[in-house]
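Step one of this worksheet: look at the structure below.
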Amino acid sequence: MTTNPKKTAKKPEHPLDDLIRTDRIPHIWCSGCGIGTAFSSCLSAIKATGIAYNRFTMVSGIGCSARGAGYIKLDSFHTTHGRAIPFASGIKMANPDLKVIVFSGDGDLFAIGGNHFIHAARRNMDLTVICVNNLTYGMTGGQVAATTPSMAKSTTTPMGNPDAPFNLPLLAYASGATYVARWTILHTRDLTTAINEAIIRKGFSFIEVLSPCPVNYGRRNKEKPLETLRLYQERTIIKNGVNPAQADIDFDKGVVIGTFIDVDRSTCDDRYYATCHPCSDD
Amino acid sequence: MRPAVLTGEHYINGDVACAEGAIAAGCRFFGAYPITPATEVAEHMAERLPDVGGAFIQMEDEIAAMASIIGAAWTGAKTMTSTSGPGFSLMMENLGLAVCTETPCVIINVQRTGPSTGLPTMTGQGDMMQARWGSHGDYELIALAPSSPQDCFYQTIRAFNLSEKYRVPVLVMADEIVGHMSEKVVIPEPETIHLIERPKPTGRRDRFKLYQPGPNGVAPMPSIGDGYNIHVTGLTHDERGYPAMTVEAQQEMMARLKGKIRNNLDDIIETESYRMEDAEIVIVSYGISVRTGLSAVDRAREMGYKAGLLRLITVWPFPETMIRSIASRVKGFITVEINLGQVHYEVERCAGGQAAAYLVGDAGGKIIHPDKVLARIEEKF
Amino acid sequence: MAFWRVPLDAQDIQVTKGLVHIIDDRCKGCGYCIEFCPKDILQFSEAYNRKGYHPPVVVKPDECVNCHYCEIICPEFAIFSVEIPPATV
């Protein structure tokens, strides 16, 4: 035999390579950025549903997290700043059979896109909205966001943020979201389970993912990426079913994470088609 | 359940005629936000879309309305929105997205008087330059101007056909008078309505490139779920649709976006001539102002002037070649429009000093009286 | 560890074994896999990858239990583990 013993069989591929546009990897996210982990978790969740890939579509807005749509090997849309949710709503209402996932950031979904978010939640639009919350505008270099903690430093609040941040789970719940969860990128398995549940169920599902932005938030606020992850490990408390009003982000007091809300309510497309197409075969 | 094409004679306003044209053209998704004087389009679509299995959604604002119709268009549906001035301004951002991503969709703008909130219930034609250049960046799109309810029906169908054929947003630039005026509208038999569907890809999925142009410069367009795993972005992109942050990619993309319109002008541009055979004075007009022009031409002829009317049905892309060739053989142009000079400057540019170009405009709120046009003819010719 | 009781069925329990694969050139050196590996089997390599980062290397290959945590915490799709069938261990 002349077989070269060092020559191994074809190198195994990463288990998510079938869902990634590998020709676009490495992605643009910085070293230590958590978006990649949240994105990977989302892909694992999609895979775990067992639903045919061509029934999925991913929509995102603008920003670091919003680049996710460009790396998923599914029909995907990278739209305008803040407008991922209405774009996704159009897709959902025109073809209710699709599983529509919105993957975007806190700046995109809650500042410029805040109005769209609350209305889609009110309608219980059947979307899975994943918000990577890194507490800042990463893409533009670390400006204050609607989620930046009070007194935190940013390029536009150099003396500390004078404003209060949104409590995103509370906002989602108050607006009518029927599934509300918060995890961190460290709680990857729980996060994957939550996204998987959100995809399978019907209704407006909102999952906030706390994620470090070491370059544009951590650096100005004296937090190295591993320190941020340790905060996620040591200063979070899993409390499923807790009132979202208690979900403020304050790592000094401890941050509650978990699945806060999971209720049934008829969705926008169900109600529309039941009301307006009562005689159709569907 | 009424059919998609309501063949017969109707007494309806222009807004409703736009909606009926859309349904007849195959529009099956409509997202909008109420605004005077375009609300009736939305109201009628809300009533009619269930008849044909379509979906209507009233969005939270016009930004969302425009986003929703672009998203819905990628499911394979023909989609439309309607609005007026302030809402049109809000749509500009995503109008650019539709241009950049080559998404077919139709926007009805029932113009009112601006700037800002202006005269919400009164007519105007002040959005014509916004229609051309309102979104940021350089681009081409198509804008049509109906001048009667009957025309609203046909121009909306034509808007869908052009939009599907060239994968470009098409604007139907109506105005308050056309939109709110009720007249007889004849809806023909469905077989006589020619419809165009967007080119669909064929061939191997693994070799598919989202923006690889076909023979007329337009790339075939798959729908979500067809298995092509498309990526659609408003960033400058290459033929695969992937973001490409290079000046070369920008040049290539712009050449495609502009080329598919600029190289098909004969198909896209439509005009109508009235008593133009021996005309020396050409009234250029569009939309409701065409009626001013028609009356002015007849009366000018009675007074001994060789006047004719050129009606722009397609306003953008502008019929440059036609105006240039007319300019070489006439004394002058008078552009009649309900603003203080927008399309007029385009006419003046194309007249290029070969013929005089004058404006009969109005600050807005009312149709221009033919007397004003006649006075200008008497003054200048 | 000294105080832990040995389960009665200790002989029957099969601890899964994993083989870690690292796609060096995807790595951006964040160190999350190294920091959070429950068995501490990874460390930064001395070598650089194409982008100038130090990717991880497996230093205690026999101790991988195929928990996949490195795989799911990695933001870069650069590391994953596969199970080594019990018969070959």
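Computed from the coordinates by the stated procedures, all read-outs in this text should not be read as laboratory data. Given the structure is predicted, the values throughout are model-derived calculations rather than measurements. Here Cβ is always computed from backbone atoms with ideal geometry, including for glycine, and neighbour counts include all displayed protein chains.
Brief remarks on what is shown
- Between the exposed loop cleavage positions of chain C, defined as chymotrypsin sites (Phe, Trp or Tyr not before Pro) in a non-H, G, I, E, B DSSP state with at most 16 neighbouring beta-carbon atoms within 10 angstrom, the longest gap is C:5-47.
- Computed [θ] at 222 nm, helices only, for chain B once each DSSP H run of length n ≥ 4 contributes -39500 (n - 2.57): -11000 deg cm²/dmol
- In the stretch B:188-239, the GluC sites (Glu not before Pro) that fall in loop regions by DSSP, at most 15 other Cβ within 10 Å: B:GLU197
- Ranking of C:LYS28, A:LYS92, B:LYS366 by count of other Cβ atoms within 10 Å, fewest first: B:LYS366, C:LYS28, A:LYS92
- Within straight-line cross-link reach of C:LYS17, lysines at Cα separation under 17 Å, skipping those fewer than 8 residues along the same chain: C:LYS39, C:LYS60
- Restricting the stretch A:227-282 to trypsin sites (Lys or Arg not before Pro) in coil, as DSSP defines it, with at most 11 other Cβ within 10 Å: A:LYS253
- Rounded FRET efficiency, nearest 0.05, which uses the C-beta distance separating B:ASN263 from A:ILE200 and R0 of 45 Å: 0.40
- Its relative contact order, with pairs defined as Cα atoms under 8 Å and 6+ residues apart, puts chain A at 17 percent.
- Packing-based exposure ordering (other Cβ within 10 Å, fewest first) of B:PHE153, A:PHE110, B:PHE30: A:PHE110, B:PHE153, B:PHE30
- Residue exposure sequence - B:MET253, B:MET129 - by fewest surrounding Cβ within 10 Å: B:MET129, B:MET253
- Number of partner chain Cβ atoms within 10 Å, mean per residue of A:270-278: 3
- A DSSP coil position with no more than 13 other Cβ atoms inside 10 Å describes the following trypsin sites (Lys or Arg not before Pro) in the stretch B:283-346: B:ARG329.
- Over the stretch B:273-380, relative contact order from alpha-carbon pairs under 8 Å, at least 6 apart, %: 29 percent
- Each stretch of four or more DSSP H residues adds -39500 (n - 2.57); spread over every residue of chain A, this sum gives -8000 deg cm²/dmol at 222 nm.
- Shown for the stretch A:32-276: lysine pairs separated by 8 or more places, or found on different chains, whose C-alpha atoms are under 19 Å apart, numbering 10.
- Overall, the anisotropy analysis places the protein assembly as shown in the prolate class: the square-rooted eigenvalues a ≥ b ≥ c of its C-alpha gyration tensor yield a/c not less than 1.5, with a/b exceeding b/c.
- Eligible lysines near B:LYS331 by straight Cα distance, threshold 26 Å, same-chain separation 8 or greater: B:LYS306, B:LYS372, B:LYS380
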